[in-house]
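The values are calculated or read from the model by the stated rules, or taken from the named source; none is laboratory data. Keep in mind that what you see is a predicted model, and the values were worked out from it rather than measured. Note: ideal-geometry Cβ built from the backbone for every residue, glycine included; neighbour counts use all protein chains shown. Keep in mind that these areas ignore ligands, DNA and RNA; they rest on the heavy atoms of the full protein, side chains included. Shrake-Rupley method; radii C 1.70, N 1.55, O 1.52, S 1.80 Å.
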Amino acid sequence: TKLFRISDMPVAGAVVFTKNDRAVTRYVDRATGHIYDVDLATLQKTKITNNTLPKIYEAYFRSDGNAVLLRSLKDGSDTVVNLSLTLTAPRATSTLYTVSSVAIRGDISSVAVGSGNTLFYALRDTSSIISATFNGAGAKTLLTSPFTDWRLVATGNSLVVYTKTSANAAGYAYTLSTSGGTLTKILGPLNGLVAIPNSSGNRVLYSYTDGGKTRLFASNLQNKTLSEISPATLAEKCIWSTRSAGLVFCGVPIDDFGAGEPDNWYRGATHFSDRVWQFDTNTEIAQVLVEPKQILDIDIDIFEPKLSPNEDYLVFTNRNDLTLWTLKLEQF
């Protein structure tokens, strides 16, 4: 009664925010590019755009939901098209938003959404990491490096950047100042490294591969304490609470990770059936919140988890079929 599928069709990306004092998730339909709002309390769905933009495979929303970067492949090629949309709320009785768009140039390899109207992205063609507004204005180069396969995560007034993940290669994670452009190493070398910081940037959750086994740790960057989390999962399947310091919500596979992970998972060659866990990294208390396989007989491979502003809902994509789900959380 607390786990619901929001979208039956594959989605390209979603955001959760408060609209008229209610928790709402806004998502992009992968096939059509149409955008929908869903009231998480009632599950009432409203289409807010009618502009057909087919084959959107990634969508990155601004935190208020009124701007989004859409990524798609140009027909018959491997060329990625990056289109930034600005959504203006309707007047009178219409539910459809007004849409304006602008193309973002460059060979973008990784994207992160910052606070306010800030968008971060890595460019392969110029070997740089860029800060800009959502419509591409005010672009500023934060870092130029011979290395181009960065993954980006925004946190506080900085970025955490880490090398593309592979169990067969040593990975490193750094903080990157968004003002001075200074790299500071925080993790590595660790094979299969994935690093997910909290919103204030003083803690980081990271997973890596050790002798074919996946391990998960929470590190407090201020007091240098470290705690291992069990059962382990990929840090990318987790999200930090912003209301309770040290609390993490994760999708954890029922079965252990096999050899070749996380590489096979990124390639789409393997899929998992997850339980949703809550970990308190301060007290080292863990509990299962829900097991979809048990209650609904559905395998849910949790991807891109997001919390509503009041943290009464967890929203995530099922990587098995790219449908969108929500879990009603108990208040803590």
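Brief remarks on what is shown
- Using only alpha-carbon positions in region 159-238, the gyration tensor eigenvalues give semi-axes of 21, 15, 10 Å once each is multiplied by 5 and square-rooted (largest first).
- Across the chain, the longest run free of exposed loop sites, meaning GluC sites (Glu not before Pro) lying outside DSSP classes H, G, I, E and B with no more than 14 other Cβ atoms within 10 Å, spans 1-283.
- Taking the protein heavy atoms of region 197-332 in the context of the full set of protein chains, the accessible area attributed to carbon and sulfur is 44 percent at 1.4 Å.
- The Cα atoms of region 1-131 cover 46, 35, 33 Å along the three principal axes, with the biggest extent listed first.
- Here is the tail figure for region 58-206: Cα pairs spaced more than 19 Å apart come to 56 percent of all pairs.
- Cα gyration tensor shape of region 60-129, rounded if a/c is under 1.5, else prolate or oblate by comparing a/b with b/c: oblate
- For a modelled paramagnetic label at ASP107, 7 Å from Cα along Cα-to-Cβ, the residues of region 58-90 in reach, with backbone nitrogen under 17 Å, are 72-74, 77-82.
- Here the spin labels are modelled as points 7 Å beyond Cα on the Cα-Cβ line, and at THR184 and SER199 they lie 2.2 nm apart.
- Using only alpha-carbon positions in region 217-313, the gyration tensor eigenvalues give semi-axes of 23, 17, 12 Å once each is multiplied by 5 and square-rooted (largest first).
- Cα shape, region 155-290, gyration tensor, a/c 1.5 rule: oblate
- Estimated purely from DSSP H runs of n ≥ 4, each contributing -39500 (n - 2.57), the mean residue ellipticity at 222 nm for the chain is -500 deg cm²/dmol once divided by its residues.
- Max mean-square fluctuation residue, GNM over the chain, Cα-Cα springs under 10 Å, options THR175, THR233, THR42: THR42
- Gaussian network model of the chain, springs between alpha carbon atoms under 10 Å - residue of LYS224, LYS55, LYS306 with greatest fluctuation: LYS224
- Efficiency of FRET between THR95 and GLN222 - r from beta-carbon atoms, R0 45 angstrom, step 0.05: 0.45
- Carbon and sulfur %, accessible surface of region 71-192 computed with the full protein complex present, 1.4 Å: 49
- Solvent exposure ordering (accessible area, 1.4 Å, most first) of HIS271, HIS34: HIS271, HIS34
- For region 194-273: span of alpha carbons on each principal axis (Å, largest first): 37, 24, 20
- Rg and Dmax, both from the Cα atoms of region 29-95 and both in Å, are 13.3, 42.
- Over region 249-305: Kirkwood hydrodynamic radius from C-alpha pairwise inverse distances, Å: 12.3
- Set of lysines with alpha-carbon distance to LYS55 below 20 Å, sequence-local pairs under 8 removed: LYS47, LYS74
- Most mobile of ILE104, ILE229, ILE298 in a GNM of the chain (Cα contacts under 10 Å): ILE298
- Per residue solvent-accessible surface (Å²) - the chain, probe of 1.4 Å: 46
- Proximity of backbone amide H atoms, modeled 1.01 Å from N, is registered between PHE303 and THR317, ARG319 at under 5 Å, excluding neighbours fewer than 5 places apart on the same chain.
- Between the C-alpha center of region 235-307 and that of region 132-192 there is a gap of 24 Å.
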